[in-house]
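So the structure is just underneath, and the comments pick up after that.
None of the figures in this text is laboratory data; all of them are computed from the coordinates on show. Predicted, not measured: the structure shown is a model, and the values here were computed from it. No Cβ is skipped: glycine too gets one built from the backbone with ideal geometry, and neighbour counts run over all protein chains shown.
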Amino acid sequence: MSDNTVESGAKGGIAWGSIIKKYSIVLILVGLIILITILTRGVFLRVPNLLNVVRQVSVIGIIALGVTMVIITAGIDLSSGSLVALVSVVVGSLLQRADAPARLFEGGQPWPLLLVVVIGLLVGAAGGLINGSLVAKAKIPAFIATLGMMTFARGWAFIYSDGRPRGGLEPHFLVIGQGTFLGVPNPVWILLACVILTHIILKHTLWGRYTYAIGSNKNAAIVSGINVDRYTIMVYSYAGFLSAVAAIVLTARIGSGQPGLGIMYELDAIAASVIGGTSLQGGVGTAAGALAGALIMGVLRNGLDLLNVPADMQQVLRAVIIVVAVIIDVRKNKQKD
C-alpha cells in the first residue's frame, strides 16, 4: 500500500493520516485525560478538580502565548517569570489599602484600579520592548538579551518592594483572580481572551504573517521588504505585555504582590509552547497549540499530584516530556529538509 493510500484511504474516504497529524496534540491531551481518569478512579473528572486545573493553567497559558510568538520568529524569551514578579510588586504596591500593614507608600489611598492595571501592562510591555530592541537593533542574541532582562527585572522587583510581599490589596482587584463568571474562574476567561487575540494576530493580520516569515527565513523576509526589526520588537513587546497580564491575574489570585513570583515560569511557558507544536527553529506554531501544551502540562501535574507522586519525580517526568517534544520537533524538521 502506498503512502498516498495511507494518507487518503479509499477514494472519497476520510484522510485519517492527515487528521491525526493535524490534531495529534489534541489526541494526546484527550488520551492523557482518559489515562489519568482511570488511574485516579474518576477523581480527576470531578468538577472542582477540573476548575482547579484550568485555574492553575491560566497563568502559564497566558505567558506561553507570548513565548510562542517569540519562538515562531526563531527567538527565545527567558525574562517572562521575572517580568511577572516586577509587575506583581508594582501593581501590589499601588493597590494596597490605606490600612494595609507594611504599606510601601505611607498615607493616601490606593490608586484607581484601571490606572494601576494599565501601568502594570505598560511595565510588562516596556520590558518586552527592551528585549526586542536589544535583539533587533543591538543584534544581541535573544538568549543573552532576555537572560539579562530576567536578572534585571528580578533585581528591580526586590529593590522596588524592599524584598517584602505587598498585601492588603483592594477587594475589587482580587475579583480578577478569585472571582467567577457563569461558574468559570475569571482567570480562565482572561486566558481564553488572550488565546483568541493571539490567534487573530497570527492568522488574520500582516503582523502574524510577517512573524511566520521572519522565523521561516529571516533573510528572505528582509529581501521581500518586511521591516524585520519593527516586527521583532512588536513580538517581544507583546510577549512582555502578556507576562504582565499573567502577573495581574496571579497577583489578584494570591492577594499580594511578591518579588519571588514567577520563578521558572519562563521554562514552563517554553515547554508548553514546544509541547504544543511550536518549532524551536522558527516559523511554526499556533495559539491553540500553546493552549493545548499548557493544558497537557497542567493535567499531568494535577494527575501526578492526585497519584501522590513525589515532587522531585514530577520534575523528572516533566523534563523527559520536554526532551521528547524537542526530539520530535527536530525529527519533523529533518523530514521537511
Handout entry: Under Karplus coefficients 6.51, -1.76 and 1.60, residue-wise ³J(HN,Hα) of segment 181-198 in Hz, glycine/proline x
Key = 9, 6, x, 10, x, 4, x, 5, 4, 5, 4, 4, 4, 5, 4, 5, 4, 5
Handout entry: Value at 222 nm in deg cm²/dmol, rounded to 500, when DSSP H runs of n ≥ 4 in the chain each add -39,500 (n - 2.57)
Key = -24000 deg cm²/dmol
Handout entry: In sequence order, calculated HN-Hα J values of segment 261-271 (Karplus, 6.51, -1.76, 1.60; Hz; x Gly/Pro)
Key = 5, x, 5, 6, 4, 4, 6, 4, 5, 4, 4
Completion exercise
Taking a crude spin-label model, label points 7 Å out from Cα along the C-beta direction, the LEU115 to VAL323 distance in nm is 5.3
Handout entry: Exposure proxy ranking, count of Cβ atoms within 10 Å, fewest first, for PHE44, PHE158
Key = PHE158, PHE44
Problem - Packing-based exposure ordering (other Cβ within 10 Å, fewest first) of THR180, THR146 - result: THR180, THR146
Fill in the blank from the handout: Rg (one decimal) and Dmax (whole number) from the Cα set of the chain, in Å, equal 21.1, 79
Fill in the blank from the handout: Of all lysine pairs in the chain that are eight or more residues apart or on different chains, those with Cα atoms under 28 Å apart total 26
Practice task
Measure nothing but the geometry: give the 0 to 90° angle between the long axis through the Cα atoms of 228-254 and the longest principal axis through the Cα atoms of the chain, rounded to 10°.
Solution key: 60
Problem - Table column - 3J(HN,Hα) (Hz), segment 289-294, Karplus curve with 6.51, -1.76, 1.60, x for Gly and Pro - result: x, 4, 4, 4, x, 5
Problem - Ranked packing of 280-288, 292-300, most packed first, by mean Cβ within 10 Å - result: 292-300, 280-288
Problem - Rounded to 10°, Cα long-axis angle of helix 142-161 versus longest principal axis of the chain - result: 20
Fill in the blank from the handout: Pseudo-spin-label distance LEU27 to LEU206, built 7 Å along Cα→Cβ, given in nm, is 3.9
Practice task
For helix 206-216, report the angle its Cα long axis makes with the longest principal axis of the Cα atoms of the chain; keep it between 0 and 90° and round to the nearest 10°.
Solution key: 60
Handout entry: Under 5 Å, built H, 5+ apart or other chain: amide partners of THR180
Key = ASN186
Exercise for the section: Can you tell me which of 269-278, 32-41 comes out highest on packing, and rank the rest after it, using the mean Cβ neighbours within 10 Å? Expected result: 269-278, 32-41
Problem - Sequence ranges 235-245, 316-326, 121-131, ranked by mean other-Cβ count within 10 angstrom, highest first - result: 235-245, 121-131, 316-326
Exercise for the section: Work out how much length LEU35 to ILE144 would gain on full extension: take 0.36 nm times their residue separation and subtract the Cα-Cα distance, in nm to one decimal. Expected result: 35.2 nm
